[in-house]
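The values are calculated or read from the model by the stated rules, or taken from the named source; none is laboratory data. These numbers come from a predicted model, not from an experiment. Using ideal geometry, Cβ is built from the backbone for each residue, glycine included, and neighbour counts are taken over all protein chains shown.
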């Protein structure tokens, strides 16, 4: 009879992968460090070359190592990028169909905390980038393409802040939610009429946030971002309601 999946013994290659991860967690390896060569790994784990190569390939797919062939080749530990780390999670959530309400329930909690954590950490280049993004949204869009570019700029404003946060978990969560907003809200609703009031609200809050950051007023930054997320949630709810009405009318006609 087939062995139930839960009771199957892990493959030797998977055990090697887990051991390398333990080395990383224990601080024995850092990005740029070379792993032992194949022969050393074979001796250490008492396994074949094929098993070692399977393990290294798995680590490479996960973004943990980079493999270079040739006489001076080998496996070098790599730093996993944000994009690599979140791609599978985003794919998973695409099939869970989170709503705008789901997104903003979390954004309302974490965005004000991230915003406050960044006070005093923004550099001249960050302020220049934030002001460029605000300027891009200052004039009413003339085409759907310009409207889309402005939506991207509004989201990029939050990404700039997240990149400056020294709390890696808070930064990751906020950047990830930002990408979900881009995927699940902006792209799905790009063809609907522009919400002028929403655009003005975003512009006002982003302008006021820059001023509060320059003054290093943590209380004002936290308050403004909390209000900003409340307003964004309200506009998102209104857009969902509009889409629902339009869809119902289309079905009836």
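Would you point out the residue of the stretch 95-110, among those that are under 12 Å from residue 183 (Cα atoms) and either touching a strand residue (DSSP E or B) at 6+ places or on another chain (Cβ under 6 Å) or surrounded by 12 or more Cβ atoms within 10 Å (Cβ to Cβ) (or both), that is modelled with the highest pLDDT?
103
If only one of 184, 169, 191 is modelled with pLDDT of 85 or more and either closer than 23 Å to residue 105 by Cα or assigned to a loop (DSSP other than H, G, I, E, B) (or both), which one is it?
Criteria check complete, one pass: 169.
Can you say whether residue 83 is closer than 30 Å to residue 174 by Cα, without any contact (Cβ under 8 Å) to a residue 12 or more places away in the chain and either surrounded by fewer than 16 Cβ atoms within 10 Å (Cβ to Cβ) or not assigned by TED's automatic domain parsing to the domain that holds residue 176 (or both), as far as the supplied structure shows?
So residue 83 fits the description; yes.
Using beta carbons and a limit of 6 Å, which pairs, at least six apart or on different chains, have the first residue in the stretch 127-156 and over 17 Å from residue 228 (Cβ atoms) and the second one in a loop (DSSP other than H, G, I, E, B)?
147/141; 147/194; 148/190
Which one is farthest from the chain's Cα centre (by Cα), of the residues in the stretch 211-222 that are touching a residue at least 24 places away in the same chain (Cβ under 8 Å), surrounded by fewer than 17 Cβ atoms within 10 Å (Cβ to Cβ) and in a helix (DSSP H, G or I)?
That would be 214.
Do we find a residue being exposed (fewer than 15 other Cβ atoms within 10 Å of the Cβ), in contact with a strand residue (DSSP E or B) (Cβ under 9 Å, 6 or more places away or on another chain) and closer than 28 Å to residue 175 by Cα anywhere in the stretch 45-65?
yes
Would you check if residue 74 is buried (at least 16 other Cβ atoms within 10 Å of the Cβ) and out of contact with any helix residue (DSSP H, G or I) (no Cβ under 6 Å at 6 or more places or on another chain)?
yes
Condition first: in contact with a helix residue (DSSP H, G or I) (Cβ under 9 Å, 6 or more places away or on another chain), surrounded by fewer than 16 Cβ atoms within 10 Å (Cβ to Cβ) and at pLDDT 90 or above. Now tell me which residues in the stretch 13-32 satisfy that.
14, 15, 19, 21
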